[in-house]
Amino acid sequence: MSDTFESYRSKEVVGQSEAARREAAAILSAASDAVADRAQNPEEFAGTRIGKAHMVAAGIPAIEKSFEFGFGEMGPVRTMETFTRINKRDGFDCQSCAWGNPDHRKIFEFCENGAKALSDEATGKRITAKFFAEHSVLELAEKSDYWLNHQGRLTEPMILRHGSEHYEPITWDAAFQFVADELKALELPDQAAFYTSGKTTNEPAFLLGLFARQFGTNNLPDCSNMCQESSGVALTESVGIGKGSVTVNDFPKSDLIIIFGNNPGTNHPRALTSLQAAKDAGAKIIAVNPLPETGLMRVANPNPQDYPNPLELPFALLGKGDALADLYLPVRINGDVAVMKGIMKFMLEEDAAGRAGGVDHVFIDEFTSGFASLADDLKSATWEDIVNGSGLNKEQIVAAGRLCAASKRMIGVWAMGLTQQKNGVDNVLSLVNLQLLGGHMGRPGAGTCCMRGHSNVQGDRTMGIWERPGKPFLEALGREFNFAPPQQWGKDVVETIHAMHDGQIKIFFAISGNFISNTPDTAYTAHAMQRCRLTVHVSTKLNRSHIVTGEQALILPCIGRAERDVQNGQEQFVTVEDMMGEIGTSQGRLAPASAHLRSDVAIIAGLGHVLFGESPVRWQKLAGNYDLIRDAVSRVVPGFANFNQRIRTEKTFYLPNGARDRRFETPSGKAQFSVTPIPKHDLGPGEYLMMTIRTHDQFNSTIYGLDDRYRGVYGGRRVILLNTDDIREAGLKAGQLVDIRSHFEGETRLAPSFLVVPYTISRHCAATYYPETNVLVPVRSVADKSNQPASKCVRITLTPSPEAAPRDVDVSMAAITYNLSRQVPTRA
């Protein structure tokens with residue numbers, strides 16, 4: 001039996017104590033709360049405009065924006081120097097999304113968001129001690145997230161001492177000693193937590209896990225807990241590995257790609273190249289999403305190799321582009337299980353009638369278990385329940401079913417639209433059911449594609465950043481470094497928030513990320529953070545987590561992904577794992593933003609040396625030569641044998657993936673079908689389901705700009721997208737300001753003053769940007785089994801705000817007007 005499967009299967013969510021719940025309710029009812037206010041992005045409306053949405057993804061506007069950000073932050077020479085090294089085998093891995101790299105890489109192998117991420121990190125702006133002397137923490141709290149990020153790179157270690165409102169400089173040696181003394185003063189190792197974001201590369205991730213476990217805790221929450229934990233649980237349960245099974249090379253070989261809850265044009269723009277390649281090879285695409293995202297509909301991304309005459313290329317870029325989705329299903333929020341059950345019900349009905357239903361009985365008999373239970377469940381499901389649960393009509397679902405029935409090689413793609421739900425695990429299990437039903441696993445052009453967010457979020461988990469590690473991993477780690485790792489499971493993100501709030505965790509240490517702005521229930525999380533004795537953040541840029549702190553706080557500035565990492569006079573490189581399980585190198589070429597910066601590895605090892613000395617782990621030696629870290633990884637982590645040799649000779653290599661080879665490491669040894677109920681929400685009058693989304697000018701919680709051109713929102717972020725009929729029914733008007741209240745188990749949360757924007761979105765659904773509405777996401781509203789926050793299924797009501805709509809807000813133009821009548825009415 002897979003040890004990893006056992007870890008997932010027996011996961012128990014640690015709930016919030018009754019006392020903490022009562023206290024949280026008191027916090028939520030407070031009309032004015034300084035800590036909560038400090039934690040939230042301030043309201044800004046000046047310049048907000050609702051205009052025409054861009055109907056084509058990528059193209060000339062994406063190129064213009066990429067170079068606009070590059071020239072603005074780095075200058076022309078530095079821009080050209082760095083843009084040609086992004087995602088190259090002799091360059092550095094993009095700081096943005098985790099999409100895989102093709103075998104043959106172009107001169108510019110990046111997307112608009114990658115250009116923004118690089119330009120943001122490689123900016124010429126600097127934050128020095130003078131900046132913190134001039135700006136108190138309270139003053140900084142009044143600034144927007146956009147303003148904070150644009151002040152520049154952090155350049156030296158800073159400390160916020162007890163009772164002070166100003167950060168002040170501290171030496172590296174003093175900072176390490178300060179943290180070590182605080183850690184030694186804890187009564188128990190589990191009173192500390194060590195957090196990572198997916199920006200952290202493999203080598204420092206492995207070291208951080210080693211550090212935490214030598215200290216004596218498995219409290220290793222990470223950003224995966226908030227974005228794709230439901231996927232890991234579902235995939236491990238159903239196919240035996242918590243990762244997707246396809247590679248970039250599978251997309252041109254596929255004949256059908258079905259995409260759930262994902263906006264690739266903004267969140268994974270390089271995926272558009274693979275989707276376009278699939279279309280060029282004859283594939284159909286089904287897009288299932290409450291919003292008709294531009295990146296799912298049409299893309300202008302011509303391949304220069306297809307234009308022998310270079311003069312034709314600009315006209316292709318300026319044209320209407322190529323259609324992507326052959327069928328768009330405007331599902332209501334959390335209606336995905338109903339859609340998938342309807343598709344599978346149709347396939348089984350066609351199969352039973354002797355028509356081609358796309359059911360692969362040979363695959364099912366040989367490689368799966370539980371099909372009979374699924375078939376019985378689908379037979380008992382009524383079309384009335386399916387239609388009501390999905391928000392679609394039967395004809396739309398049948399159109400999708402015909403495409404699935406005709407497919408021989410289907411890829412199932414999904415992102416947080418599926419996972420950030422109460423039934424997030426069931427959502428992913430349902431998509432796996434659909435893949436298994438047609439035998440679309442373990443063959444070219446078919447399989448699962450879990451759209452991971454940050455660049456190395458999958459690699460961090462592979463390296464052991466997990467609060468529930470398996471025994472084989474802990475045993476191997478203990479053998480390698482001659483110590484006994486703790487066996488008791490640690491706390492994930494939500495459990496860590498509760499533990500900080502209850503006073504059980506007193507020290508919070510983070511490598512990268514912006515914990516305050518990425519986590520749910522902003523007011524509650526802010527109070528939890530404030531109750532820590534010490535908070536430490538290893539960062540490149542200023543963010544809100546440096547403002548909402550424990551009693552004392554440290555900012556430890558690190559080098560960026562694009563910067564040179566020199567240790568003992570030798571340039572080092574690091575490695576990353578993309579969402580397809582491919583390991584590649586990353587080596588920065590720019591000079592560090594400050595002589596005082598240290599690498600993530602050097603910071604962790606430096607702290608380890610001060611806290612533990614050089615036994616049993618030789619921290620200084622590991623920091624001086626990253627090959628030694630990779631040698632240790634090769635002996636601890638499966639799939640990394642001869643790590644150093646392979647990464648140097650092969651440049652990239654794939655990790656083993658049993659599902660890719662039709663080898664399912666589940667208790668039965670087979671892929672497992674699952675029975676998943678259709679969720680019911682029973683919304684009352686005036687209630688909506690709200691999901692949080694990103695703008696096109698942000699990645700995760702980092703705000704690069706204030707526009708969202710694919711949705712027609714410019715110069716502002718505090719908006720709520722609503723169906724036109726819902727606006728009329730509620731007696732509201734476009735451009736009106738409303739207060740949003742969320743409702744959960746008798747608790748009410750408030751986010752005031754949001755601009756009403758009419759939009760093509762399913763009835764009784766709403767969309768807002770995060771982190772502005774994270775305050776509405778209840779910390780206890782989590783997915784079953786995975787404990788992932790349900791940030792895309794929040795029950796809300798709206799009331800007019802006391803303020804009048806700002807006069808400079810233009811809402812005269814329709815935000816988006818896609819023709820949604822394009823369906824597939826006949827058998828493909």
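The values are calculated or read from the model by the stated rules, or taken from the named source; none is laboratory data. All of these numbers come straight from a predicted model, not from anything done at the bench. Reconstructed Cβ throughout: ideal geometry from the backbone, glycine too, with neighbour counts over all protein chains shown. Ligands, DNA and RNA are stripped out before the accessible areas are found, and what is left, the full protein with its side chains, is counted by its heavy atoms. Shrake-Rupley method; radii C 1.70, N 1.55, O 1.52, S 1.80 Å.
For this structure, a couple of remarks:
- Less than 5 angstrom separates the built amide H of Ala767 from those of Met691, Leu721, all sequence-distant by 5 or more or on a different chain.
- Helix-only [θ]222 nm of the chain, DSSP H runs n ≥ 4, -39500 (n - 2.57) each, per residue, nearest 500: -10000 deg cm²/dmol
- Across the stretch 218-224, rounded Karplus estimates of 3J(HN,Hα) from the backbone phi angles (6.51 cos²θ - 1.76 cosθ + 1.60, θ = phi - 60°) give 9, 6, 10, x, 8, 5, 4 Hz, Gly and Pro being marked x.
- Entry for percent of Cα pairs over 51 Å apart (calculated from the structure that is shown) out of [x] 9; [y] 15; [z] 33: [x]
- Euclidean distance of C-alpha centroids, the stretch 118-189 and the stretch 444-492, integer Å: 30
- Over the chain, relative contact order from alpha-carbon pairs under 8 Å, at least 6 apart, %: 23
- DSSP bridge orientation in the chain - percent antiparallel, rounded to nearest 5: 45
- Which of Ser407, Phe110, Ala605, positive extreme of dipole for the chain (C-beta unit charges): Ser407
- Segment Asp784-Met80, extension gain: residue separation times 0.36 nm, minus the distance between their alpha carbons: 248.7 nm
- Available extension along the chain between Lys130 and Ser668 is 187.4 nm, counting 0.36 nm per residue and deducting the alpha carbon span.
- Of the solvent-accessible surface of the chain, computed with a 1.4 Å probe and all protein chains present, 51% belongs to carbon and sulfur.
- As a length-normalised measure over Cα pairs under 8 Å and 6 or more apart, the relative contact order of the stretch 137-279 settles at 12 percent.
- The local environment of Phe367, defined by Cβ-Cβ distances under 9 Å, has a net charge of 0 under the rule Lys, Arg +1 and Asp, Glu -1.
- A DSSP coil position with no more than 13 other Cβ atoms inside 10 Å describes the following GluC sites (Glu not before Pro) in the stretch 726-770: Glu745.
- Straight-line cross-link reach from Lys143 at under 30 Å between alpha-carbon atoms covers these lysines, not counting any fewer than eight positions away in the same chain: Lys52, Lys65, Lys116, Lys125, Lys130, Lys199, Lys506, Lys541, Lys733, Lys792.
- Cβ-based net charge around Asn113, under 12 Å, with every Lys or Arg adding one and every Asp or Glu removing one: +1
- Solvent-accessible heavy-atom area per residue, rounded to whole Å², over the stretch 176-285 at 1.4 Å: 20
- Ellipsoid semi-axes in whole angstrom, largest first, where each is sqrt(5λ) of the Cα gyration tensor of the stretch 532-687: 36, 29, 17
- Remark: relative contact order (the stretch 508-643) = 16 percent; criterion is Cα-Cα distance under 8 angstrom and separation of 6 or more residues.
- Extending 7 Å from the Cα toward the beta-carbon at both Asp725 and Ala174 defines two label points whose distance is 6.5 nm.
- Annotation: lysines with alpha-carbon distance below 21 angstrom to Lys284 (same-chain offsets under eight excluded): Lys253, Lys320, Lys341, Lys345, Lys394, Lys408.
- Low-density loop positions, trypsin sites (Lys or Arg not before Pro), the stretch 355-416 - DSSP coil, at most 14 other Cβ in 10 Å: Arg355
- If the chain linking Arg564 and Lys52 were pulled fully straight, counting 0.36 nm for each residue of separation and taking away their Cα-Cα distance, it would gain 180.1 nm.
- Simple Cβ-charge dipole of the chain, Lys/Arg +1 and Asp/Glu -1, about Cα centre, in debye nearest 20: 1180
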